[in-house]
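Remarks on the structure that follows.
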Amino acid sequence: MAPLSWRHHALLQGLLSRGPLPETDFHAIFAAISGKNPATHQQLFNDTLLKINKDLAYLQFELRACINQYDGTVYYGVVNNIADDESKLGTKYSLPQIAFYKGLLEAIIHEAGNDGSITTIDALNVRLENQVVIADADGSQDSQSRLPTSIKNFTLTQKEKTLTELIRDRWLSYTSSGNIGLGIRSFLDLRSWFRGNDIPSCVVCNEACIKASTCPNEGCNVRIHDYCLKKKFSQRKASRACPGCGAEWPRQEGEVDDNDDVNEPGEDEVPSANRSSRKRRKGVKAELVEENENAGPSTAAMPRRGLRRTKAEAVGAAHQEASSAASSQPTRASKRRKK
């Protein structure tokens, strides 16, 4: 297999140095390096990513794309394929910080409902004890006295500091409502973790549903991401039946209803609009005729040729006055010189 070229290295280095990038930014880097637009050279773009991933697989890394489920933006990033949680967060986080993150992760997924977020107060109240399991020599699980000191002494101030770091490093994020949700790095790195922990998947894209809409039928467990709903029901005439139970799926905020096109002009209404414009022109013409008639019998009854002759005479008189005025100016100037 041929080694990676400088273009592959530059693309990979740009992504590693800047972290996960939105699709628009990543495409801009690709276009600057290759001179090709990914939108019009999709095959070249896919082949480049495939080539990079074949070499990264030896190091158990992968260049991957994912969607931020809170705003529907596509991101690209390099992830670690090793499954243990410690390697996911890296070595910069301590044991209690990792336990705190795991507690936040479970709270956001299992306790937040369809919104996929929790309040800051709920985040700070997450208990770390449930995230650490220590086995005794007899095989029984740990008790409160067996917890590590760093876990027991993890203060509220340390939680606040860790929460700030996790948001800064994009493992967590602030949602549009000001709550705490997952960050883009969690969506990128924890795909296998989501599947291994039986997180419900979207029936459209088959990715884990962290923030999604559920079927209005309480007995149905179907979930669909908001951005997948827009794609699935983008056509006005498309059926809005739930893929699981067939119930009518309610419209989201901002979706256009079928009845909205009632106020739009149809093809049969265009001629009537033209007729109304013609009527307005006829009305203006009638007003002009009426003004001419009200101007007086002499003007109204004057023939067209007479009007042209009168106009010519007026123009000639104006030229004559102008020439006489111009000729009088040198005379005045000469009189002043004589004086």
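Does the range 41-86 come out rounded, prolate or oblate by the C-alpha gyration tensor, with a ≥ b ≥ c the root eigenvalues, rounded set by a/c under 1.5 and, if not, prolate when a/b is larger than b/c and oblate if not?
Judged from the Cα gyration tensor, the range 41-86 comes out oblate (a/c at least 1.5, b/c at or above a/b).
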Could you pull the Cα extents of the range 9-132 along its three principal axes, largest to smallest, in whole Å? 52, 31, 19
Please report the spacing between the Cα centers of the range 156-212 and the range 1-32 in Å, no decimals. 25
Counting only heavy atoms of the protein chains, get the accessible area per residue of the range 1-82 (1.4 Å probe) and round it to a whole Å² value. 56
Quick one: accessible surface of K54, probe radius 1.4 Å, all protein chains present, in square angstrom to the nearest 10. 110
Listed peptides 95-103, 7-15 by packing density, highest first (mean Cβ within 10 Å): 95-103, 7-15
Run the dipole for the range 1-85 about the Cα centre, Lys and Arg Cβ at +1, Asp and Glu Cβ at -1, nothing else charged, and hand back the magnitude in debye, nearest 20. 380
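The values are calculated or read from the model by the stated rules, or taken from the named source; none is laboratory data. Only a predicted model underlies this, so the values are computations on that prediction, with no experimental measurement involved. Please note: Cβ atoms are built from the backbone with ideal geometry, for glycine as well, and neighbour counts cover all protein chains shown. Surface accessibility is based on the protein's heavy atoms, side chains included, excluding ligands, DNA and RNA. Shrake-Rupley method; radii C 1.70, N 1.55, O 1.52, S 1.80 Å.
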